[in-house]
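Participant: Encoded as structure tokens, here's the structure I'll be asking about.
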Amino acid sequence: MLVESPPEPRAETASAPPNRRAAIRAAGLLVSVGLLTLVALASIAIGAKELSLAQVWHGLFEVTGTYGDVVVGERISRTLLGLLAGAALGLAGAVLQALTRNPLADPGLLGINAGASASVVTAITYFGVTSLTGYVWFAFLGSAAVGALVWFLGGSRGATPVRLALAGTAISAALYGYLQAVMIMDGAALSKMRFWTVGSLASATDETIEQVLPFLVVGTVVALLLARPLNAVAMGDDTARALGANLNRTRALSMAAATVLCGAATAACGPIVFIGLMVPHVVRSFTGPDLRWILPYATVLSPVLLLGADVIGRVVARPAELQVGIVTAVLGGPVFIFLVRRRRTAQL
């Protein structure tokens, strides 16, 4: 398993005066917010069902119940869920990369996605749950249970990055084995799970958003408040203690925040891969290792990637759609290979 310290800031960034660096990063964050706004508007305007700009405008501001208005209303819910889920996955990935001191870690490393998937297939097979509302709560409970189990197996108060990663990997393998076994034996579960397991925003509703929003808000606030102590933890346990950081509390809160964020996003959309891996890693390349900047950037840019992938999925297969989880996997695979090769080249 690759476990490394975060890379040092680039030479030109490190050599710039502190005030100038902060101004450049703040300006970049504003540009990122502008980019997110444009992608969100594109998500509302572009879809598998072609609408004119006049229909989109009418659906936004003069709702009368026409076909175009209904489609735009569905796209607004879909876009809002994409914004929330993307921010949650990116923020969870950034927190876990700092917690495990592994810049190639993602929420799946600690078994959170596997816990949600196993819980949903259990709900379908043994409890007869068929609604998305039921999936949300079972998926969230599964994620929370696995997060707690990983923390316990990783040593609880004596948890270390390596122990947490090993515990998460072992639990993920076991749960995915269980998941495949149940789906093979139960054809009905396989049929119902096949769309949820690839990850999609197509089933977004106002009810789903309302259910996961409180968890996402709490998880986001906790994660952003952890930026400073996580900076200390990323330097190593001895250095963190010397700086006065409470390692056990920081790790426990980080695990809780990542579990809540990833669990809620996975519950609403299904497991979506590579968002929590790619965006924090790319962000770190131009912000440096300071989590006070990495976390806000990841929160803003991750929805850009998720919504952008969703728009691509709607367009490339018209009049059908490709689920966003498929698009992110297709885009993320080559990017992940590039990142790994670049790190190997830098080490030679």
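The values are calculated or read from the model by the stated rules, or taken from the named source; none is laboratory data. What you see is a predicted model, and the numbers here were worked out from it, not measured in a lab. We place every Cβ from the backbone using ideal geometry, glycine too, and count neighbours over all the protein chains shown. Only protein heavy atoms, including side chains, enter the accessible area calculation; ligands, DNA and RNA are left aside. Shrake-Rupley method; radii C 1.70, N 1.55, O 1.52, S 1.80 Å.
Participant: What distance in nm separates the two pseudo spin-label positions at Arg292 and Phe152, each 7 Å out from Cα along the beta-carbon direction?
Facilitator: 3.8 nm
Participant: Another question about this same structure. For the chain, with a Gaussian network of springs between Cα atoms less than 10 Å apart, report the residue from Thr133, Thr197, Thr266 with the top mean-square fluctuation.
Facilitator: Thr133
Participant: Out of Leu301, Ser131, Leu216, whose Cα points farthest toward the positive end of the dipole of the chain (charges: +1 Lys, Arg; -1 Asp, Glu; placed on Cβ)?
Facilitator: Among Leu301, Ser131, Leu216, the one farthest towards the positive end of the dipole of the chain is Leu301.
Participant: If I stretch the segment between Phe61 and Asp237 completely, what's the gain in nm (0.36 nm per residue apart, minus their alpha carbon distance), one decimal?
Facilitator: On the way: separation 176, 0.36 × 176 = 63.36 nm, distance 5.42 nm.
Full extension of this stretch gives 57.9 nm more.
Participant: Placing +1 at every Lys and Arg Cβ and -1 at every Asp and Glu Cβ, with all other atoms neutral, what dipole size does the chain have around its Cα centre, in debye to the nearest 20? Could you put the intermediate results ahead of the total?
Facilitator: Working: 24 positive and 17 negative charges, 221 e Å.
Rounded to the nearest 20 debye, it is 1060 debye.
Participant: How far, in nm, would the chain grow between Leu132 and Leu166 when pulled straight, counting 0.36 nm per residue and subtracting the alpha carbon separation? Could the numbers behind the result be given before it?
Facilitator: Values: separation 34, 0.36 × 34 = 12.24 nm, distance 3.18 nm.
Extra length from Leu132 to Leu166 when fully extended: 9.1 nm.
Participant: For segment 94-249, calculate the relative contact order in percent as a whole number, restricting contacts to Cα pairs under 8 Å that are 6 or more residues apart.
Facilitator: It rounds to 26 percent for segment 94-249.
Participant: Explain nothing, just the number: relative contact order of the chain, from Cα pairs under 8 Å at least 6 residues apart, as a whole percent.
Facilitator: Over the chain, the number comes to 30 percent.
Participant: For segment 163-279, give the percent of accessible area contributed by carbon and sulfur heavy atoms, probe 1.4 Å, rounded to a whole number. Spell out each step's value before the answer.
Facilitator: Working: 3350 of 5110 Å².
The value for segment 163-279 is 66 percent carbon and sulfur by accessible area.
Participant: At a 10 angstrom cut-off on C-beta neighbours, averaged per residue, how do the peptides 200-208, 316-324 rank from highest to lowest? Show your work: numbers first, answer last.
Facilitator: Values: 200-208: 18.3, 316-324: 16.1.
Top to bottom by mean Cβ count within 10 Å: 200-208, 316-324.
Participant: With unit charges on the beta carbons (Lys and Arg positive, Asp and Glu negative) and the dipole taken about the Cα centre of the chain, which residue among Ser32, Val95, Met193 sits farthest to the positive side?
Facilitator: Of the candidates, Val95 comes out farthest on the positive side.
Participant: Nearest 500 deg cm²/dmol is fine: what mean residue ellipticity at 222 nm does the chain get from its DSSP H runs of n ≥ 4 alone, each adding -39,500 (n - 2.57), divided by its residue count? Let's see the in-between values first.
Facilitator: Numbers: 15 runs with 268 residues, N = 348.
When only DSSP H runs of four or more count, the value is -26000 deg cm²/dmol.
Participant: Follow-up question, since we're still on this one. Using Cα pairs under 8 angstrom and six or more residues apart, how large is the relative contact order of segment 216-293, in percent?
Facilitator: Relative contact order, segment 216-293: 40 percent.
Participant: For the pair Ala22 and Leu38, how long in nm is the line joining their label points, each one 7 Å along Cα→Cβ?
Facilitator: 2.9 nm
Participant: Please give, to one decimal in nm, the separation of the simple spin-label points placed at Asn246 and Val70, each 7 Å out from Cα toward the Cβ.
Facilitator: Result for the modelled spin labels: 5.4 nm.
Participant: I want to verify a result. In a Gaussian network model of the chain, Cα cutoff 10 Å, which of these has the top mean-square fluctuation: Ala40, Ala123, Ala114?
Facilitator: Answer for the Gaussian network model of the chain: Ala123.
Participant: Using a Förster radius of 22 Å, what is the FRET efficiency between Ala48 and Glu207 based on their Cβ-Cβ separation? Nearest 0.05, please.
Facilitator: Result of the calculation: an efficiency of 0.45.
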